Every structure is written in structure tokens, then in C-alpha cells.
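The values are calculated or read from the model by the stated rules, or taken from the named source; none is laboratory data. Owing to the predicted nature of the structure, the values given are computational and were not obtained by experimental measurement. Neighbour counts are summed over all protein chains in view; Cβ atoms, including those assigned to glycine, are modelled from backbone coordinates with ideal geometry.
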Amino acid sequence: MSDSTFTFRVDSELKSRFTELARARDRSGAQLLRDFMRQTVQHKEPAEHDAWFRRQVQSGLDAAEAGDLMPGDQVEAEAIAWREQLRDQQTSKKR
């Protein structure tokens, strides 16, 4: 499969913020966009994905209403660990 270029216009502030977020994840903006495109085309049934997503949201809402919440510092700690794991994976791929 050959590569091709995908070009589009975007607000400069949006591009700048997106680039910063990508760097924080040790990824380029292009890598994140390619990942998003792959994930999007893998969902062959948009209605099925939409139904799954709605179930996930409802599950979260139900948990919150039941008081099953996670403290913010725990969320942040898990996010830090997740980001470190992703960085480690990316570093090992580069080797």
C-alpha cells in the first residue's frame, strides 16, 4: 500500500493546542491523526459503535449516581501511569 498526503485547513490556535497535546503523549500530530483514522475505519458499523458508546456513558452515569466515584488524585495517578506506559511502548518501538 502506498502512502498519500491528506491536507486540510485548521485554525492556528487549534493546531497549536493539538500539537502540544500530541507532544505530551510523545506522539506527533500526524501520528495521532493516523491513529484516529485507523480507529474510525475499523468501526465498520457506526450504529454498533454508537450503541456501545452510549452504553459506556450510561454505565458511567449510573455509577456516579450510585456514588461509585474515583477521587481526582487517583484518576490523575492512573493517567500518569498510563502515559508512562505509552512512552515506554513508544521508546521500545523506536529501538
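Data table
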quantity: Restricting the stretch 53-95 to residues that are in contact with an Asp or Glu (Cβ under 9 Å, 6 or more places away or on another chain) and not charged (D, E, K, R), the residue that is farthest from Gln39 (Cα to Cα); calculated: Met70
quantity: Condition check for Thr5: outside any helix (DSSP H, G or I) and either loosely packed, with under 12 Cβ neighbours inside 10 Å or over 19 Å from the mean Cα position of the chain (by Cα) (or both); calculated: yes
quantity: Condition met for Ser92 (under 30 Å from Asp3 (Cβ atoms), among the polar types (S, T, N, Q) and part of a helix (DSSP H, G or I)); calculated: yes
quantity: Asp73 being part of a helix (DSSP H, G or I), over 19 Å from the mean Cα position of the chain (by Cα) and closer than 30 Å to Ser16 by Cα; calculated: yes
quantity: Qualifying position, being modelled with pLDDT under 95, under 30 Å from Thr91 (Cα atoms), in a helix (DSSP H, G or I) and acidic (Asp, Glu), among Glu48, Glu20; calculated: Glu20
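Here is a yes/no grid of residues against (1) surrounded by 10 or more Cβ atoms within 10 Å (Cβ to Cβ); (2) without any contact (Cβ under 8 Å) to a residue 40 or more places away in the chain; (3) under 16 Å from the mean Cα position of the chain (by Cα):
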site	(1), (2), (3)
Ser12	no, yes, no
Glu20	yes, yes, yes
Gln42	no, yes, yes
Ser59	yes, yes, no
